[in-house]
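A.B. asks: Sharing a structure here in structure tokens format.
The values are calculated or read from the model by the stated rules, or taken from the named source; none is laboratory data. Owing to the predicted nature of the structure, the values given are computational and were not obtained by experimental measurement. Note: ideal-geometry Cβ built from the backbone for every residue, glycine included; neighbour counts use all protein chains shown.
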Amino acid sequence: MNRREFLLATAGAAAASTLSFSGRLFAAPANTPRFLLVFLRGGYDCNNLLVPCGSDFYYASRPTLAIKRPDANDPDSAVALDANWGLNPVVRDSLYPLWQKKQLAFIPFAGTNDLSRSHFETQDHIERGQPVGVSGNYRSGFLARLSGVLTGVPAIAFTDNLPLSFQGAARDIPNIALKADPKAHFDERQAAILAGMYKGTALAQASADGLALPQSISKDLRDEMVAASRGAPSAHNFAAETRRIATLMRDQYRLGFVDVGGWDTHVNQGSTKGGLANNLKNLAEGLAAYADALGDAWNDTTVVVLSEFGRTFRENGDRGTDHGHGTVHWVLGGKVAGGRIAGEQMAVTQATLFQNRDYPVLNDYRDVLGGMFARLWGLNPNQLQTVFPQAKARDLRLV
């Protein structure tokens, strides 16, 4: 595939998309495993995606944010997965069909033992894939090391800049942005024009509230919520992006990374409506679109969705949630052993919270991914230690 053909293949991308790499492009062998890591930057609130609807403590802790217990007559209630867990109904038409086909699993109580609760420190820790407290190469990412031990597994990052996950590789890793400008926003003049358009209509109050929301948040908090995304776009147009990603992952690449921002929900988070619900809906629709666009290649595909940490179990005084610890990982794919809640678990009560505020981490991401990589590519113990030093690979038999 020459450069002209490559650009034609990605013509659906925004005109400003960038591609950075050297060397020729080679098609990967057919039927080889595909792996895509989706990183949610900002710490998404897992409790309002995978809802612990069997926990009375959840409903006591979230008087305004809790998703209602499953009720077949209430479309705003959780979609029951089993006696203890349900899904936010905004993903009923996207994720739930994959669950029913056993192509989706969730791993609650997952994450890292990094306790900084800092977006940046924890994101870097996860992308490096090295144990906490051990000095090492701070420009070496675990996907780069994985790429180094694999043969015939072309890698790519669908980002503006090469993420830390892929830095330090022995060979060039391409990166290409297939997304819209995440910085677009209304300035004061544009907001006034928009408000005037809705003046005197039934939407006047809703538009005024929406435009006023940024002013209701302190500048420091707004800056933090934006910075937490590290330039990653929101989930708004994720379905269009994933269809473009699917073209390249189907034909050329087998190891990929994409990040999605906008998950730092300190204020007015919402439950089945609001910012978090919109992000979850768009993210889920994007992943469903990815599965659809891959066609038969979906059967050789594994997608893992993770975030740097979860959020506080209790809602805060601003009807949002703050930086937490344990989270919920997603695993999707045509041959994933899904339709189940995987990994070590415990009852969701006040007594089981970590530091009386967060989910504990019972399933370390390095161990879980190590076990998954061993099954996908047949990695031996020495290779796994190269990718995740000092990790203890844990096979959850998801792939």
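A.B. asks: As an exercise: evaluate Arg357 against (1) surrounded by 19 or more Cβ atoms within 10 Å (Cβ to Cβ); (2) of a type outside the set (Ser, Thr, Tyr); (3) out of contact with any strand residue (DSSP E or B) (no Cβ under 6 Å at 6 or more places or on another chain) and give the number of the one condition it does not meet.
C.D. replies: (1)
A.B. asks: Let me ask you something else. How many residues does segment 329-350 hold that are assigned to a strand (DSSP E or B) and farther than 11 Å from Pro108 by Cβ?
C.D. replies: From segment 329-350, those assigned to a strand (DSSP E or B) are 329-332, 340-341; that's our starting set.
Cutting the leftovers down to farther than 11 Å from Pro108 by Cβ gives us 331-332, 340.
Count: 3.
A.B. asks: Do you know which residues across segment 82-126 are of a type in the set (Phe, Trp, Tyr) and either in a helix (DSSP H, G or I) or under 18 Å from the mean Cα position of the chain (by Cα) (or both)?
C.D. replies: Narrowing segment 82-126 to residues of a type in the set (Phe, Trp, Tyr): 85, 96, 99, 106, 109, 120.
Once the filter is applied, which keeps residues that are of a type in the set (Phe, Trp, Tyr) and either in a helix (DSSP H, G or I) or under 18 Å from the mean Cα position of the chain (by Cα) (or both), segment 82-126 yields Tyr96, Trp99, Phe106, Phe109, Phe120.
A.B. asks: Another question, if that's okay. What are the residues in segment 19-45 that are at pLDDT 90 or above and on the phi < 0 side of the Ramachandran plot, if any?
C.D. replies: Going through segment 19-45, the residues at pLDDT 90 or above turn out to be 33-45.
Listed by number, the residues that qualify are Pro33, Arg34, Phe35, Leu36, Leu37, Val38, Phe39, Leu40, Arg41, Tyr44, Asp45.
A.B. asks: Of all residues in segment 118-161 being modelled with pLDDT of 90 or more and among the charged types (D, E, K, R), which is farthest from His323 (Cα to Cα)?
C.D. replies: Taking the candidates together, the pick is Arg145.
A.B. asks: Follow-up question, since we're still on this one. If you check every pair at least six apart or on different chains, which have Cβ atoms under 8 Å apart with a residue in segment 69-90 that is on the phi < 0 side of the Ramachandran plot first and a residue that is among the acidic types (Asp, Glu) second?
C.D. replies: That search, which allows pairs on different chains as well, returns Ser77/Asp71; Pro89/Asp76.
A.B. asks: Still on this structure, please answer the following. Could you check Gly141 against (1) crowded, with 23+ Cβ neighbours inside 10 Å; (2) in contact (Cβ under 8 Å) with a residue 60 or more places away in the chain and say which number it fails?
C.D. replies: Condition not satisfied by Gly141: (2).
A.B. asks: Continuing with the same structure: So, Leu332, is that one buried (at least 20 other Cβ atoms within 10 Å of the Cβ), closer than 26 Å to Gln103 by Cα, outside the structural domain of Leu146 (by TED's automatic domain parsing) and touching a strand residue (DSSP E or B) at 6+ places or on another chain (Cβ under 6 Å) or not?
C.D. replies: no
A.B. asks: Could you identify the single residue in Gln167, Gln100 that is surrounded by fewer than 21 Cβ atoms within 10 Å (Cβ to Cβ) and within 17 Å of Phe39 (Cα to Cα)?
C.D. replies: Selected residue: Gln167, the only one of Gln167, Gln100 that is surrounded by fewer than 21 Cβ atoms within 10 Å (Cβ to Cβ) and within 17 Å of Phe39 (Cα to Cα).
A.B. asks: Another one. Just a yes or no: is a residue in segment 375-393 in contact with a strand residue (DSSP E or B) (Cβ under 7 Å, 6 or more places away or on another chain) and part of a helix (DSSP H, G or I)? Steps first, please.
C.D. replies: First, the residues of segment 375-393 that are in contact with a strand residue (DSSP E or B) (Cβ under 7 Å, 6 or more places away or on another chain): 376.
Going one step further and asking which of them are part of a helix (DSSP H, G or I), we end up with 376.
Yes, some residue in segment 375-393 is in contact with a strand residue (DSSP E or B) (Cβ under 7 Å, 6 or more places away or on another chain) and part of a helix (DSSP H, G or I).
A.B. asks: Within the group Arg3, Arg62, which residue is over 27 Å from Glu127 (Cα atoms) and either assigned by TED's automatic domain parsing to the domain that holds Ile156 or at pLDDT 95 or above (or both)?
C.D. replies: On the way: Arg3 fails: either assigned by TED's automatic domain parsing to the domain that holds Ile156 or at pLDDT 95 or above (or both).
Only one candidate qualifies: Arg62.
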